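Everything below concerns the one structure shown next.
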Amino acid sequence: MHKYALSRRGWLLLLIPPLIVLGLLYLLPVFNLIRISFVEYDPQVGIIPNYQLGNYVELLGDGFYFEVLWRTIRLSLLTTLFCALLGYPIAVYLIRSTGWRQTAMFIILLMPLVTSVTVMSYGWLILLGRNGVINLTLAGLGILDTSRQLMYNETAIVVGLVHVLVVFMVISIAASLQSIDQSWIRAARGLGASPATAFRTITFPLSLPGLRTGALLVFVLSMSAYATPTLLGGTRHKFLSYLVYQQAISLYNWPSGAAMAVVLLISTTVLLFISSLYAQIGAMRANLRTSKTGTISGSMNAGSET
Amino acid sequence: MILRAYVLLFVIFLISPILAISIGSLTETSFVVFPPQGISLKWYFAALEQRALLQSLAFSLVLGAISATAATVLALPLGLAIVRFSSRINNAVYLLAMTPAMLPAVFLGLAFLIGYSWVGFGGSSWPLIAAHVVMTVPFALSLILVGLRSVDGSLELAARSLGASQFRTFVLITLPLILWSLAAGWGFAFLISFGALEVSLFLSTSTTVTLPVQIYTTLDWSPLDPTLTAISSGVVIITLAVLVITARTVQMDRFLKRGRS
Amino acid sequence: MEYLHVAGLEHSYGSQRVLENVSFSIRAGERLCLLGPSGCGKTTTLQVLAGFVKPDRGQVTIKGEPLDGMPPEKRNIGIMFQNYALFPHMSVFDNVAFGLRMRGLEKKEITTRVGDALTLVRLPHTASKRPAQLSGGEQQRIAFARAIVIRPRLLLLDEPFSNLDARLRLEMRTELLDLLRELDVATVMVTHDQEEAMAIADRIAVMYKGRIEQIDIPNEVYSNPSSLFVARFVGETNVFDGRAMGHDKVMVDGLGEFSVRKNQSIANNSKVKLLVRPEHIELAEKADMNGQWNTVEGTVERLLFLGHRTEWVVRKGEARFLVWQSQPHSLMRKVGDTVTLRWRPSDCFLVASEHVNA
């Protein structure tokens, strides 16, 4: 008995005010940004209301811009990969633990996320800097004779991003692990599977949707990261977000900044689309295999596809 | 056993920068070194004398409270409409409200800067508030949805059949049962607003500077200033406090159940 | 005298039709049970009565007053939900008092009436407890008290026993029946359990695929089902394909000719199904036979001793007979033996084959 707890009229009354607010404060500015990305800009005159593709053409012809775009994509993929590798065992731990241990783990995971990125990057600066903890420790142990710069490189960027974003991976994977019925694993063990085999054939395939959601979140967020790469990567390892800021704020070139922001959004979306396409092809292949050999693992993957 | 050891290493990785800030802030030297030379709170007192830092801290706290409240007020009716009525339009509504959390922050920041400049800033803080509200709605909404979905719909129907109108049903039955998720949603919205940098960078004017913006700009020219560590660890303490209070109102594993529904 | 009248309910969820011309009426104080498998439309019918679902077509009236478009809170209909739907953040007292408070009653009267209701369900000592502190059976009784304390015009019970374990279920069934008799309130109950339906209801409406297949007193529904579906859903039945010969004879493929109860609605020589309940078939000695019984000789294929009865499967050719014997030791037989089965023509009946939908 779960229908019509709310009448259609009540539904509309609830929906309309927030939608008006979000429409004015959010949708309108977003569409306006896309519009601005097509207008002409002249450093002397400012914005000329003349719609064209010039901003995008300029970007495509710029080698520096491509280098930054490629770095953004490359490091985001690396971040996603490391989050998955490092986060999976933590997700397993999270659902196995109970009570205060679980709550504490949640809080520790959420700390980096909700603490200001600037504060967090500052912490890394203290740790990784030329006179930072790690340098001093290594020197004290005699491993290093001179202190080395551990900041301002791509590794530092990935470390910082993984640190902030791994929570999304852990929670997504944990959510899908949680939904696995323990009796399936007991059944597999009862049928003679070792713990490792049970994990490989039951647990892991069923956790793939969570892994996929987590990867999606981490990738999207790291593509659009700004403070972490800027503070940890230094001036020589810029991310695309920084260029947008520079164009819009330092150079007052709103149309070009807008075009970059749109390209950032589109390239993220396209990469996500490719990855989902890839996953679908994988699922189709698995289905074909299923129909030949009659195993059910393929159809299970396809079924969990969302 | 291996898992335990790994978890320990992982936890160290997660909290090490936070520890570095808190411990580093206790130094007596005029630049941050690690381990700190001597133990004192002198940089905390020094920070208390930096008006710009304190003003931005106060501004961030107020901004966070206002944005979180407004975001919760917007998200509650949205959540009710989405959960308690079945319509395809709800998918679009959900997407609209959730996308601010997915869009690149600079995309949003620039969109707000250009869009709101139509109306004009004039050194007022409404653009920041508006932007933070939009940014934090997804967080408030997702927690409210968890709350609403955990309320058995037949409770509301039972109240209706016993003579309560839609409104009274909401006030007497639904609201008390989802209060925890409203509080948690508010807490998360507050933390997101309190820590947000990128969007605020675009919208801050000389009179409206948030704490993350203040720290970010200071970091650029004097990275080893111990006042910064002091104020940063102050931020960590505020964050941790809100987080723990939030975690107490929410049973954390409800987050996991969201993935299933 | 009609009390509740339901006329021509039609409803669809999207392209799926869930109610097709559902009509029935009940008298004051009568208990009607909507019985059927899941998805048959019984719950939707209940939701229409409660006002949670607005039907596409059709009308509901109580004492001649139409309920169309009336919101649930104005209907004064008491509902006991399947999961009881007790408000978890309120005490038992506040739960039961809720409906009275909504009606703006005086504090004193509320206290008296809640006290009476709790006494009626024999739980006056639980008033200050939270629902979560009660057992399943206690929760059910509180839900019942909450539904009837408002003195509803109509009481709706949604699968009232499905959340109880088997032993408690039997206990609560008698208790609820006693309460309903005492209150003398018009009741519509929904269930998928035929035994519950027979125990509680004055009349049963068997529903299938959004329609009412048959509506009658329990005994008639059981012994005179109007369709193959009803026969199968209410109790076990042996079914055999055949062809009608006149109104009281049937030729069953591979088994021969049998006499049956007269059924005027069956056309001569039409395709029919012969239905015999397993408890109506007896194992007979050859010597017992006389012309009044239908008899079949077959081989025992399976024998199960179930305590209160023995279940036999007897085979003849392609046909299998399910037979329940309540005196297990009267005839000692074993698998492979040849036995004679017999049943009275008045205990078996025909339904037309076109009617088949189960």
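Amide hydrogen proximity for C:Glu213: with H placed 1.01 Å from N in the peptide plane, the residues at 5 or more positions away or on another chain lying under 5 Å are C:Val206, C:Met207, C:Tyr208.
Spread over its residues, the convex hull of the C-alpha atoms of the stretch B:155-242 is 126 Å³ per residue. Think of each Lys and Arg Cβ as +1 and each Asp and Glu Cβ as -1; about the Cα centre, that makes the dipole of the protein assembly as shown roughly 620 debye.
Calculate the dipole size of the stretch A:76-250 relative to its Cα centre from +1 charges on Lys and Arg beta carbons and -1 charges on Asp and Glu beta carbons; express the result in debye to the nearest 20. Can you show the working numbers first?
On the way: 10 positive and 3 negative charges, 47 e Å.
I would put it at about 220 debye.
Length available on full extension from C:Asp216 to C:Arg333: 0.36 nm per residue minus the Cα-Cα distance, which gives 38.2 nm.
With a 1.4 Å probe and all protein chains left in place, how much accessible area per residue does chain B have, in Å²? Don't skip to the answer; put the middle values down first.
Details: 10190 Å² over 261 residues.
It amounts to 39 Å² per residue over chain B.
Considering only A:Ser183, A:Leu243, A:Tyr122, and ranking their Cα positions along the charge dipole of the stretch A:76-250 that arises from unit charges at the beta-carbon of Lys, Arg, Asp and Glu, the one farthest toward the positive end is A:Ser183. For C:Tyr3, the residues 5 or more places off, or on other chains, whose built amide H falls under 5 Å of its own are C:Ile26, C:Arg27, C:Ala28.
Contact order for the stretch A:76-250, expressed relative to its length and based on alpha carbon pairs under 8 Å spaced 6+ residues apart, stands at 33 percent. Nearest 0.05, what FRET efficiency do C:Ser353 and C:Ser38 give at R0 = 25 Å with Cβ-Cβ as r? Efficiency computed from Cβ-Cβ geometry: 0.45. Each of the peptides C:258-264, A:158-164 was scored by the mean count of other Cβ atoms within 10 Å over its residues; in descending order, highest first, they stand as A:158-164, C:258-264. Label-to-label distance, C:Asp193 versus A:Leu24, with points set 7 angstrom from Cα along the beta-carbon direction: 5.7 nm. Taking the charge dipole of chain B about its Cα centre, with +1 at Lys and Arg Cβ atoms and -1 at Asp and Glu Cβ atoms, the residue from B:Val244, B:Ala130, B:Leu53 reaching farthest to the positive side is B:Val244.
Charge dipole of chain C (Cα centre as origin; +1 on each Lys and Arg Cβ, -1 on each Asp and Glu Cβ, all else neutral): 580 debye, rounded to the nearest 20. Among the listed pairs C:Lys42/C:Lys107; C:Lys273/C:Lys316; C:Lys42/C:Lys262; A:Lys238/B:Lys42, those with a Cα-Cα distance over 29 Å are C:Lys42/C:Lys107; C:Lys42/C:Lys262; A:Lys238/B:Lys42.
Of all the options C:Leu120, C:Leu304, C:Leu46, the one that moves most in a Gaussian network model of chain C with Cα springs shorter than 10 angstrom is C:Leu304. Highest mobility in the GNM of chain A, judged by mean-square fluctuation with C-alpha springs under 10 Å and restricted to A:Gln178, A:Gln247, A:Gln52, is found for A:Gln52.
Each residue of the stretch C:81-91 was assigned a 3J(HN,Hα) from its phi angle through the Karplus curve 6.51 cos²θ - 1.76 cosθ + 1.60 (θ = phi - 60°); the sequence is 7, 4, 9, 6, 6, 6, 5, x, 8, 10, 6 Hz, with glycine and proline shown as x.
For C:Glu236 and C:Gln264, the FRET efficiency from 1/(1 + (r/R0)^6), where r spans their Cβ atoms and R0 equals 25 Å, is about 0.40. Calculated mean residue ellipticity at 222 nm for chain B: -24000 deg cm²/dmol, from DSSP H runs with n ≥ 4 weighted as -39500 (n - 2.57), summed, divided by the residue count and rounded to 500.
Pull out a ≥ b ≥ c, the square roots of the eigenvalues of the alpha-carbon gyration tensor of the stretch B:53-260, then state rounded if a/c is under 1.5, prolate if not and a/b is larger than b/c, and oblate in the remaining case. Note, shape of the stretch B:53-260 comes out prolate. Quick check on the stretch C:222-268: take the gyration tensor over C-alpha atoms, sort the square-rooted eigenvalues as a ≥ b ≥ c, and tell me if it's rounded (a/c under 1.5), prolate or oblate. Oblate, because a/c is 1.5 or more while a/b does not exceed b/c.
Label-to-label distance, A:Asp62 versus B:Asp220, with points set 7 angstrom from Cα along the beta-carbon direction: 1.8 nm. The Cα atoms of the protein assembly as shown cover 115, 70, 62 Å along the three principal axes, with the biggest extent listed first. In terms of packing, defined here as the mean over residues of other Cβ atoms within 10 angstrom, the peptides C:123-130, B:125-132, B:144-151 line up highest first as B:125-132, B:144-151, C:123-130. Extension gain for the segment C:Glu109 to C:His125, taken as residue separation times 0.36 nm less the Cα-Cα distance, is 3.9 nm to one decimal. Taking label points 7 Å from Cα along the Cα-to-Cβ direction, A:Arg285 and C:Glu2 give a separation of 6.7 nm. Heavy-atom accessible area, probed at 1.4 angstrom with all protein chains present, ranks B:Ile66, A:Ile20 as A:Ile20, B:Ile66, highest first.
Run lengths n ≥ 4 of DSSP H only: what is the helix-derived mean residue ellipticity at 222 nm for chain C, with -39500 (n - 2.57) per run over all residues, to the nearest 500?
On the way: 8 runs with 84 residues, N = 358.
Computed ellipticity for chain C at 222 nm equals -7000 deg cm²/dmol.
If you plug the beta carbon distance of B:Phe13 and A:Ser97 into 1/(1 + (r/R0)^6) with R0 = 22 Å, you get a FRET efficiency near 0.75. Among the trypsin sites (Lys or Arg not before Pro) found in the stretch A:191-291, those both in a DSSP coil and sparsely packed, with 16 or fewer other Cβ atoms within 10 Å of their Cβ, are A:Arg236. Measuring only protein heavy atoms, the 1.4 Å probe finds B:Tyr94 accessible over about 90 Å². Taken one residue at a time, the phi angles of the stretch B:164-174 give Karplus couplings (6.51, -1.76, 1.60, θ = phi - 60°) of 8, 6, 4, 5, 5, 4, 4, 5, 8, 10, 5 Hz. Gly and Pro are set to x.
Considering only B:Val236, B:Val11, B:Val137, the mean-square fluctuation computed in a Gaussian network model of chain B, springs between alpha carbons under 10 angstrom, is largest for B:Val11.
Under 16 Å of direct C-alpha separation, and excluding same-chain neighbours fewer than eight residues apart, C:Lys54 reaches these aspartates and glutamates: C:Glu10, C:Glu20, C:Asp68, C:Glu73. For C:Leu34, the residues whose modelled amide H falls within less than 5 Å of its own, excluding neighbours fewer than 5 places apart on the same chain, are C:Met189, C:Val190, C:Thr191, C:Ala205. Taking Cβ atoms as reference points and 13 Å as the exclusive limit, the residues near A:Gly54 contribute a net charge of -4, counting Lys and Arg as +1 and Asp and Glu as -1. Buried accessible surface for the B/A pair, both sides summed and rounded to the nearest 100, is 8100 Å² with a 1.4 Å probe. Helical content of chain A, expressed as a calculated mean residue ellipticity at 222 nm, amounts to -23500 deg cm²/dmol (DSSP H runs of 4 or more residues, -39,500 (n - 2.57) each, divided by residue number, nearest 500).
Lys and Arg at +1, Asp and Glu at -1: add these up for the other residues within a Cβ distance under 14 Å of C:Val313 and post the number. Walk me through the numbers on the way to the answer.
Values: positive: C:Arg302, C:Arg309, C:Arg315, C:Lys316, C:Arg320, C:Arg333, C:Lys334; negative: C:Glu236, C:Glu301, C:Glu311, C:Glu318, C:Asp337.
With Lys, Arg at +1 and Asp, Glu at -1, the neighbours total +2.
Karplus-based coupling profile of the stretch B:98-111, in residue order and whole Hz: 8, 4, x, 6, 9, 6, x, 4, 5, 4, 4, x, 5, 4, with θ = phi - 60° in 6.51 cos²θ - 1.76 cosθ + 1.60 and x standing for Gly or Pro.
The values are calculated or read from the model by the stated rules, or taken from the named source; none is laboratory data. These figures come from a predicted structure and were not determined experimentally. Cβ atoms come from the backbone with ideal geometry, glycine included; neighbour counts cover every protein chain shown. Ligands, DNA and RNA are stripped out before the accessible areas are found, and what is left, the full protein with its side chains, is counted by its heavy atoms. Shrake-Rupley method; radii C 1.70, N 1.55, O 1.52, S 1.80 Å.
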